[in-house]
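Asker: One structure coming up, written as structure tokens, with questions to follow.
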Amino acid sequence: MFVDFSSISEDAKIWIYPSSRKFYDAETPEIESLIQNFIENWKNEDENFKASYQFLYHRFIILCADDTESKLSNSDIDTSVSFILALQEKYDVLLLDKMNVCFKQGEFVQYKELKDFKQLVKSKAVTGKSIVFDNLINTKFDFENYWEIPMEESWYNRFL
């Protein structure tokens, strides 16, 4: 069942899918509609299942599932990955590549391959104070507290 993101437990599972490009304003309503439709139908036979999403910076799709009362099976997770793969195909973007880095440069969110990011750090275009996104976190609590943080406070600090 689709619920408001704020009502989901802090222990809920989170999956973050960064897009290789910013989604266009014209694409946003359709993408949000597709995501909401997926959430509404994901495990719809289980009335204890609660899920939500966030679509942030026109770049990040965040799926959230509270499985405290209703456990997620591997099949349920595969269903969500299949949905993300379909979005990837439809909009000609990469959403499943976790080896890229997302960070803020001013008001803009950048998406770079790890090797290019390391070069930016080396050339001081990115510093310890630069805001990075940790797309590997997996709970709502971590998302709300550690997703968008200065590089020096993240696991990316080893590149400094």
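The values are calculated or read from the model by the stated rules, or taken from the named source; none is laboratory data. Here the structure is a predicted model, which means the values were calculated and not measured. Quick reminder, even Gly has a Cβ in these numbers, built from the backbone with ideal geometry, and neighbours come from all protein chains shown. What goes into the accessible areas is simple: the full protein's heavy atoms, side chains included, and nothing from ligands, DNA or RNA. Shrake-Rupley method; radii C 1.70, N 1.55, O 1.52, S 1.80 Å.
Asker: For the range 53-111 and the range 135-160, what is the centre-to-centre distance using only Cα atoms, to the nearest Å?
Answerer: Here the two parts' Cα centres lie 16 Å apart.
Asker: A further question follows. Summarise the accessible area of the range 1-130 (1.4 Å probe, protein heavy atoms) by the percent that is carbon and sulfur.
Answerer: On the way: 3370 of 7030 Å².
C and S atoms contribute 48 percent here.
Asker: Okay, next question. Before anything else, pin down the relative contact order of the range 30-160: Cα pairs under 8 Å, at least 6 apart, normalised by residue count, whole percent. All intermediate terms of the calculation are to be shown ahead of the outcome.
Answerer: Numbers: 128 pairs, mean separation 18.5, N = 131.
With pairs under 8 Å counted, the relative contact order is 14 percent.
Asker: Label Asn41 and Glu69 with points 7 Å out from Cα along Cα→Cβ: what is the distance between them in nm?
Answerer: Simple spin-label model gives 2.4 nm for this pair.
Asker: Given points 7 Å out from each Cα along the Cα-Cβ axis, report the Met1 to Val81 separation in nanometres with one decimal.
Answerer: Using points 7 Å along Cα→Cβ, the separation is 2.9 nm.
Asker: Set the Förster radius R0 to 22 Å, insert the Cβ-Cβ distance between Glu144 and Lys115 as r into 1/(1 + (r/R0)^6), and round the FRET efficiency to 0.05. Please report the intermediate quantities before stating the final value.
Answerer: Working: r = 30 Å, r/R0 = 1.38.
In this case the efficiency is close to 0.15.
Asker: In the range 1-52, which chymotrypsin sites (Phe, Trp or Tyr not before Pro) fall in coil by DSSP and have 15 or fewer other Cβ atoms within 10 Å?
Answerer: Passing both the DSSP loop test and the Cβ count: Tyr24.
Asker: For Ser70, what charge total do you get from the other residues with a beta carbon under 9 Å from its beta carbon, if Lys and Arg give +1 and Asp and Glu give -1?
Answerer: Charge balance in the 9 Å sphere: -2.
Asker: For Gln119, what charge total do you get from the other residues with a beta carbon under 13 Å from its beta carbon, if Lys and Arg give +1 and Asp and Glu give -1?
Answerer: Cβ neighbours under 13 Å give a net charge of +3.
Asker: What Kirkwood radius, in Å to one decimal, follows from the Cα pairs of the chain?
Answerer: 16.5 Å
Asker: A further question follows. Leaving ligands, DNA and RNA out of it, rank Ile77, Ile84 by accessible area with a 1.4 Å probe, largest first.
Answerer: Ranked list, largest accessible area first: Ile77, Ile84.
Asker: Report the longest stretch of the chain that contains none of the trypsin sites (Lys or Arg not before Pro) sitting in a DSSP loop with at most 13 other Cβ atoms within 10 Å.
Answerer: Values: sites that count: Arg21, Lys71, Lys98, Lys124, Lys129.
Excluding the exposed sites themselves, the longest stretch runs over 22-70.
Asker: Distance cut-off 20 Å, Cα to Cα: go down the list Lys43/Lys71; Lys13/Lys104; Lys22/Lys50; Lys104/Lys124; Lys22/Lys43 and report the pairs above it.
Answerer: Checking Cα-Cα distances, Lys13/Lys104; Lys22/Lys50; Lys22/Lys43 exceed 20 Å.
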